[in-house]
Amino acid sequence: MKRSELRRIPSVEKIAQALGDTRLPRPMVLDVVRRDLGTLRKQKAIPDFDAVLARVRAAVVDLAASRIQPVINGTGILIHTNFGRAPLSSLAIERLAQIGANYNNIEYDLAAGERGKRAAYLERSLALLCGAESAVAVNNNAAALILILRHFCAPATSGGQLRRPVGRNKTAAPSNEVVISRGELIQIGGGFRIPEILESSGARLREVGTTNQTTLSDYARAVNPSTAFILKVHRSNFFMGGFVESPGVEDLATLARKKRVPLAEDLGSGAAIDTETIAGVGHEPTPAESIRHGVDLVCFSGDKLLGGPQAGVIAGKTKLVEAIKRDPFFRALRCSKLILVALEATVETYLCAGGEIRGAGIPVIEMLRAPHDELYARATKIAAALAGLPIRAAIGRGRAQVGGGTMPASAIDSVTIDLTHTTIGAQELAARLRGHTTPMIGYISHSKLKLDVRTIFPHQDAEVVAAIRAAAALAPEGA
């Protein structure tokens, strides 16, 4: 590019001043401007000032939109991974504000006046909720599974243990084989695969059965002196039907005791209620149920059906949980004070329910239980508030999903607000709503933008109306 052309590139400061108040820190705005002006040097021709300003402004808007901010979830997916999974309870939010703004006793014994144990109260309440001897929390469920694997499969020098002898073999040899059904070698969110997680921890897989058929005898034949433990993985993010067989947890626990090997189960979602009592929702195994059936260790997520923050919970026998906490790798995976506080409040919400229905006060559970009549009344009120706009709002039927890799076969009857604009299409209307002060996201079906009321909080109804009114008032594109 000729030097005369380069001179046409405006200065960083001139563009920054022309942008005005962007509500972003000035260093970030200047960084956007410098990056964008830098790309102009590679072009054959320099656009005029207004064009340069427009493209920089668009880049600033995109950057601002990438900040973590509240959104209105009209997708009908309750545990939406892209939207931060489970919203926190009011008690959790209150506790976060209290602890986050102050010093706290996270590792201080107030009674003794000296250093204390981290998360002792949470661990005791988690154990009570899970019906277990002990429990501990780490930063996510994948981390929980890795710690279980390290304990059972890693050499003793790395924090692992030597397995108890099998049968007549009295020699305690290192063991790192994990017996697992081929039908449970699943892939979880973000492309992470259970086999890769297992192998990254030094475990060797001993796959048994077939994709759709695994019997108890398959497990029995696979156990040998190199077996570290039997692992059962709950298929929480998909389901199989037809010619399918797999042994129940109780039968596997009996076999594990007979073979003198531990049994661990990755439950994934971590329900703390009887989900089958909710219309349209199937049974989801709970940690208490698995432990009652004889599982030695269970692990599950904190931010799915439990309704808490991102965390991974390990619950089970005290000697196993305590050994996992002694693993040198445990410190790298432990939770921050804010996660511990939010999880503590979530567990307390369950334990303090008393005579109320268990799960009351947990947003995800309350959304699941919301009655159809209540949703219909809210949708009708919102639609009536949109009268006179160039938008037609009709009441439709929806099928909400639990989401987050949880209970894929379950679909809950719901109510939708179906929006049709007189001059713009559903895609443009959706884009306008995403650009609202509080972004609102729905889904498009049959050329209509649908908002599922089940995943919209009642206190957001007025904002829904405001967002739709604002979208309707915008000038048509290109006008």
>> Could you tell me how far the Cα centroid of region 387-431 sits from the Cα centroid of region 72-95, in Å?
In response: 18
> What is the calculated FRET efficiency for HIS372 to GLU94, with r their C-beta to C-beta distance and R₀ = 25 Å, to the nearest 0.05?
Replying inline: 0.20
> The list (i) -0.37, -1.01, -1.19; (ii) -0.24, -0.87, -1.30; (iii) -0.44, -1.00, -1.19 gives values of log10 I(q)/I(0) by the Debye sum over Cα atoms at q = 0.06, 0.11, 0.13 Å⁻¹, and only one came from this structure; which label was calculated from it?
Replying inline: (i)
>> Relative contact order of region 366-413, please, whole-number percent, based on alpha carbon pairs below 8 angstrom and at least 6 residues apart.
In response: 30
> In terms of the Cα gyration tensor, with a ≥ b ≥ c the square roots of its eigenvalues, is region 242-331 rounded because a/c is under 1.5, prolate because a/b exceeds b/c, or oblate?
Replying inline: oblate
> Just the accessible area per residue of the chain, please: how many Å² with a 1.4 Å probe?
Replying inline: 50
> Contour minus end-to-end for ARG221 and GLU107, with contour as 0.36 nm per residue of separation and end-to-end as the Cα-Cα distance?
Replying inline: 36.4 nm
> Which percent, nearest 5, of DSSP beta bridges in the chain are antiparallel?
Replying inline: 60
> When only C-alpha pairs under 8 Å and at least 6 residues apart count, what is the relative contact order of the chain, in percent?
Replying inline: 19
> Cβ under 15 Å from ALA65's Cβ, ALA65 left aside: what net charge do those residues give with Lys, Arg +1 and Asp, Glu -1?
Replying inline: +4
> When the chain is fully extended, how far beyond the present Cα-Cα distance does MET28 get from ALA466, taking 0.36 nm per residue of separation?
Replying inline: 154.7 nm
> Against the longest principal axis of the chain, how steep is helix 90-100, in degrees 0 to 90 to the nearest 10, with axes from Cα atoms?
Replying inline: 90
>> Checking the cross-link filter: which lysines have an alpha carbon closer than 20 Å to that of LYS450, excluding same-chain neighbours under 8 positions apart?
In response: LYS381
> Going down the list LYS259/LYS325; LYS232/LYS337; LYS317/LYS337; LYS232/LYS319, which pairs span over 29 Å between their C-alpha atoms?
Replying inline: LYS232/LYS337
> Using 1/(1 + (r/R0)^6) with R0 = 60 angstrom and r between the beta carbons of ALA353 and ARG41, what's the FRET efficiency to the nearest 0.05?
Replying inline: 0.40
>> Given a Förster distance of 56 Å, report the FRET efficiency between PHE49 and LEU185 from their Cβ-Cβ distance, rounded to the nearest 0.05.
In response: 0.45
>> Rounded to whole Å, give me the distance from the Cα center of region 298-336 to that of region 10-58.
In response: 47
>> Are there any chymotrypsin sites (Phe, Trp or Tyr not before Pro) in region 59-137 that are in a DSSP loop and have at most 13 other Cβ atoms within 10 Å? List them by number.
In response: TYR103
> Over the chain, what percent of the accessible surface lies on carbon and sulfur atoms, probe 1.4 Å?
Replying inline: 53
> Expressed as an acute angle from 0 to 90° and rounded to the nearest 10, what is the orientation of the C-alpha long axis of helix 26-40 relative to the principal long axis of the chain?
Replying inline: 70
> By how many degrees, 0 to 90 and rounded to 10, does the Cα axis of helix 249-259 deviate from the longest principal axis of the chain?
Replying inline: 40
> Length gain on complete extension for the stretch ARG260 to HIS459, per 0.36 nm per residue less the alpha carbon to alpha carbon distance?
Replying inline: 66.2 nm
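The values are calculated or read from the model by the stated rules, or taken from the named source; none is laboratory data. This is a predicted model, so every value here is computed, not measured. Here Cβ is always computed from backbone atoms with ideal geometry, including for glycine, and neighbour counts include all displayed protein chains. These accessible areas exclude ligands, DNA and RNA; they are computed on the full protein's heavy atoms, side chains included. Shrake-Rupley method; radii C 1.70, N 1.55, O 1.52, S 1.80 Å.
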